[in-house]
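Before any comments, here is the structure.
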Amino acid sequence: MNLNYGLIGNSCTAALISDRGDIDWLCMPYFDSPSIFASLLDKEKGGNFGIRVSEDYVITQQYIPHTNLLRTHFKGPEGEFEITDFMPYYSIQGTSEYYHPSEVYRYLHFIQGNPKFCVDYNPKPDYARGKCIIRIEGNHIESRSDTNDKDRQYLYSSLPLVEVLNGESFTLQKDEFFLLSYNEKIGDVDMDKEKLEYCRTLVFWLNWSEATRKFPVYNDVIERSLLTLKMMQFYNGAVLAAITTSLPEVPGGKRNWDYRFCWLRDASMTIETLVKCGHTKAARRFVKFVESTFIGNHSRFQIIYGIHGERRLTEKTLDHLSGYADSRPVRIGNKAYLQKQNDSFGYLMNMIYQYYTLVPGSTDDLENMWDMVKSIEEMVMKNWCKPDRGIWEIRGTAGHFLSSKVMCWVALDRGAKIAKHLGKGSYERQWNLEADAVKSDIFLHGWNEELHAFTQTYDNSYLDSSVLLMEPYGFIRADDPKYRSTVEVIERCLLKNGLMYRYNSPDDFGCPKSAFVICTFWLIRAFFMTGQREKARNLFENILRHTNHLGILSEDISFETGELLGNFPQAYSHLALINTAMLFSD
């Protein structure tokens, strides 16, 4: 198996469409809602929305250039047609609002001949936990689960609905369409409406891409990654770590997590990347989201929130689903919300500093953020010296993770810079003094003289890729002998077949067995910054060969087979791809 999927979305929800044109993953009405189609997690029970053609058809797939409209092309001896899948997304004329309903259009475009196909419409609402009840009601097919009477879906089509449900064969002779909506439509649903939605959405994505900064090299892969990241930001500003849940890091393993939430760390890194590429509105929305989680409750901070700002993300297992590649458990929710991860606020403060310096904001915005900055700095000063679970969310014993200490230094350093920017001298001095104390502590306890490297924690001698982040966040210079030595040791111990392990230490589930994609990009930057530029470019070209047929990456890659593994698409992977590609453009 491999993750040969394309992604369509509209900042409300998203769908994964296989290279054969099947919708195998879709949650409605939102990213984190129960699935309607989940054959990705159970081919028998999960449900899908597929198009069936005979085996002699050649099927290819690509995005319409510069957009997130996905075309699957079918060509056989009988004839030829293509399906364009998209979710409506465009600005509402005369307002600052956007139209992004929870719905999917499937536009079947006739090209030539007499192509034949069958429709496999098999919704399984509510994660397939109950029986799906389907009926034809007027001009649509209504579906619901007997476990949730109010959660309904409506399928409209220019094709006869009875024949669609019965899976009968159609001979395509003209353009046809499907519209799957979470809401029953009030106005006419016809081909004219479909074409209007198509044109408006096409123009929206073309305009968005046109507003993106251009690069002399790797511009195509940067643009595709940016378009992917754009689909992972909820309309209220929250940013998802990934679109899926429970895709395993290793087939048959138990490292299966729900990533449909907003980690402050991942989201801050995503937003910073979007801002670098010209999309400052994404930063404004994210800052508003973060402010909404803090207002009235400055004494409590979490490292992860639901995309609506929820604080409780109770973790459950769906034992009736077999899992991707028979990898149980399938989890929904994520109890990492209970963890202490001290590094998270370093990434957030770095993004806020960029916001202060690069994004024009109103006085009200800046004052709200300053209040938030003070609260975060107070928390960092109180907790930086304590153990935490680190960037990798270790579920066992907490430790003094070096990357967490570094990012606490970043939080204090950026806070001091913000204070200087605002003319708040006493805060600047206080936070700079604390940042100096953190830096001294790291050099005293984090350096291992025997290994000639900075190690994973103060308490062990393992290597960890996240230590490489010392340089890009300004903690240490790339020409510092201790950093250069650390890069050499990490390359020797963690690089395998052109891909990187996260770390070489055992955790709650044993030692990692797959490559964690973002870590390879970190090593590429380390090579580049330490003058090993040919080695950096070769490693970058190698990982580009691991993207799927549409240029999309997951969280992990198999060292042995090159198979994409883990949740998909992964924000970490794409933001790191963008930032690494930008190195070669400067």
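Which of (1) open to solvent by 20 Å² or more (accessible area, probe 1.4 Å); (2) without any contact (Cβ under 8 Å) to a residue 60 or more places away in the chain; (3) assigned to a strand (DSSP E or B) does His109 not meet, given it meets every other one?
Exception for His109: condition (2).
Give the residue, chosen from Ser514, Ser485, that is out of contact with any Lys or Arg (no Cβ under 8 Å at 6 or more places or on another chain), of a type outside the set (A, V, I, L, M) and under 24 Å from Gly562 (Cα atoms).
Matching residue, one of Ser514, Ser485: Ser514.
Return a yes/no flag: does the range 47-62 have any residue that is under 21 Å from Leu206 (Cα atoms) and in contact (Cβ under 8 Å) with a residue 12 or more places away in the chain.
Among the residues of the range 47-62, at least one is under 21 Å from Leu206 (Cα atoms) and in contact (Cβ under 8 Å) with a residue 12 or more places away in the chain, which makes the answer yes.
Count, please, the residues in the range 456-490 that happen to be open to solvent by 50 Å² or more (accessible area, probe 1.4 Å), part of a helix (DSSP H, G or I) and closer than 20 Å to Phe516 by Cα.
1
Is it the case that the range 154-163 has a residue that's in contact with a Pro (Cβ under 9 Å, 6 or more places away or on another chain), modelled with pLDDT of 95 or more and surrounded by 13 or more Cβ atoms within 10 Å (Cβ to Cβ)?
Yes, the range 154-163 has at least one match.
Consider the range 308-342. How many of its residues are farther than 19 Å from Lys43 by Cβ and part of a loop (DSSP other than H, G, I, E, B)?
So the answer is 14.
Within the range 539-569, how many residues turn out to be of a type in the set (Phe, Trp, Tyr) and either in a strand (DSSP E or B) or more than 28 Å from Ile59 (Cα to Cα) (or both)?
Of the residues in the range 539-569, 2 are of a type in the set (Phe, Trp, Tyr) and either in a strand (DSSP E or B) or more than 28 Å from Ile59 (Cα to Cα) (or both).
Limited to the range 121-145, what total is found for residues that are open to solvent by less than 40 Å² (accessible area, probe 1.4 Å) and assigned to a strand (DSSP E or B)?
Of the residues in that region, 7 qualify.
May I ask you to list pairs of residues, at least six apart or on different chains, whose Cβ atoms are under 7 Å apart, with the first in the range 146-157 being farther than 13 Å from Ala128 by Cα and the second being among the β-branched types (Val, Ile, Thr)?
Gln153/Ile36; Leu155/Ile141; Tyr156/Val189; Ser157/Val164
Take the residues in the range 199-258 that are basic (Lys, Arg) and touching a residue at least 12 places away in the same chain (Cβ under 8 Å); name whichever of them is most open to solvent (accessible area, probe 1.4 Å).
Here the answer is Lys254.
Looking at (1) in contact with a Lys or Arg (Cβ under 8 Å, 6 or more places away or on another chain); (2) part of a helix (DSSP H, G or I); (3) within 23 Å of Trp392 (Cβ to Cβ); (4) not basic (Lys, Arg), can you tell me which one Ala536 breaks?
(3)
Looking at the structure I just gave you, is Gly346 of a type in the set (Gly, Ala, Ser), surrounded by 20 or more Cβ atoms within 10 Å (Cβ to Cβ) and within 18 Å of the chain's Cα centre (by Cα)?
So Gly346 does not fit the description; no.
Need a quick list: strands (runs of 3 or more DSSP E) entirely within the range 146-254 having at least 1 residues that are among the aliphatic types (A, V, I, L, M).
Qualifying strands (runs of 3 or more DSSP E): 148-157, 176-181.
Just one of Ala453, Ala435 is surrounded by 21 or more Cβ atoms within 10 Å (Cβ to Cβ), under 20 Å from Asn350 (Cβ atoms) and free of Cβ contacts under 8 Å to residues at least 40 places away in the same chain; which is it?
Among Ala453, Ala435, only Ala435 is surrounded by 21 or more Cβ atoms within 10 Å (Cβ to Cβ), under 20 Å from Asn350 (Cβ atoms) and free of Cβ contacts under 8 Å to residues at least 40 places away in the same chain.
Of the conditions (1) in a helix (DSSP H, G or I); (2) in contact (Cβ under 8 Å) with a residue 40 or more places away in the chain; (3) open to solvent by less than 50 Å² (accessible area, probe 1.4 Å), Thr293 satisfies every one except a single condition; which number is it?
(2)
How about the range 389-432: which of its residues are touching a residue at least 60 places away in the same chain (Cβ under 8 Å), in a loop (DSSP other than H, G, I, E, B) and among the β-branched types (Val, Ile, Thr)?
Answer for the range 389-432, where residues must be touching a residue at least 60 places away in the same chain (Cβ under 8 Å), in a loop (DSSP other than H, G, I, E, B) and among the β-branched types (Val, Ile, Thr): Ile391, Ile394.
Yes/no per residue for (1) open to solvent by 10 Å² or more (accessible area, probe 1.4 Å); (2) touching a Lys or Arg at 6+ places or on another chain (Cβ under 9 Å); (3) in a loop (DSSP other than H, G, I, E, B):
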residue	(1), (2), (3)
Ile8	no, no, no
Lys43	yes, no, yes
Asp56	yes, no, yes
Thr72	no, yes, no
Pro77	yes, no, yes
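Does Lys374 satisfy the condition of being under 21 Å from His400 (Cα atoms), in contact (Cβ under 8 Å) with a residue 12 or more places away in the chain and open to solvent by 10 Å² or more (accessible area, probe 1.4 Å)?
Answer is no for this residue.
In the range 90-115, how many residues are more than 17 Å from Leu159 (Cβ to Cβ) and touching a Pro at 6+ places or on another chain (Cβ under 9 Å)?
Adding up the residues that qualify gives 6.
Based on what the data block shows, is Thr530 touching a helix residue (DSSP H, G or I) at 6+ places or on another chain (Cβ under 9 Å) and farther than 19 Å from Leu226 by Cα?
yes
Taking Tyr5 as meeting all but one of (1) under 21 Å from Tyr156 (Cα atoms); (2) under 18 Å from the mean Cα position of the chain (by Cα), write down the number of the exception.
(1)
Using the structure shown, decide if Leu318 is open to solvent by less than 20 Å² (accessible area, probe 1.4 Å), modelled with pLDDT of 95 or more, more than 17 Å from the chain's Cα centre (by Cα) and hydrophobic (A, V, I, L, M, F, W, C).
Answer is yes for this residue.
I'm trying to understand the selection: among the residues of the range 267-290, which are in a helix (DSSP H, G or I), open to solvent by 10 Å² or more (accessible area, probe 1.4 Å) and farther than 16 Å from Met369 by Cβ?
Met269, Lys276, Lys281 - these are the residues of the range 267-290 that are in a helix (DSSP H, G or I), open to solvent by 10 Å² or more (accessible area, probe 1.4 Å) and farther than 16 Å from Met369 by Cβ.
The values are calculated or read from the model by the stated rules, or taken from the named source; none is laboratory data. The structure displayed is predicted, hence computed values, not measured ones. Using ideal geometry, Cβ is built from the backbone for each residue, glycine included, and neighbour counts are taken over all protein chains shown. Keep in mind that these areas ignore ligands, DNA and RNA; they rest on the heavy atoms of the full protein, side chains included. Shrake-Rupley method; radii C 1.70, N 1.55, O 1.52, S 1.80 Å.
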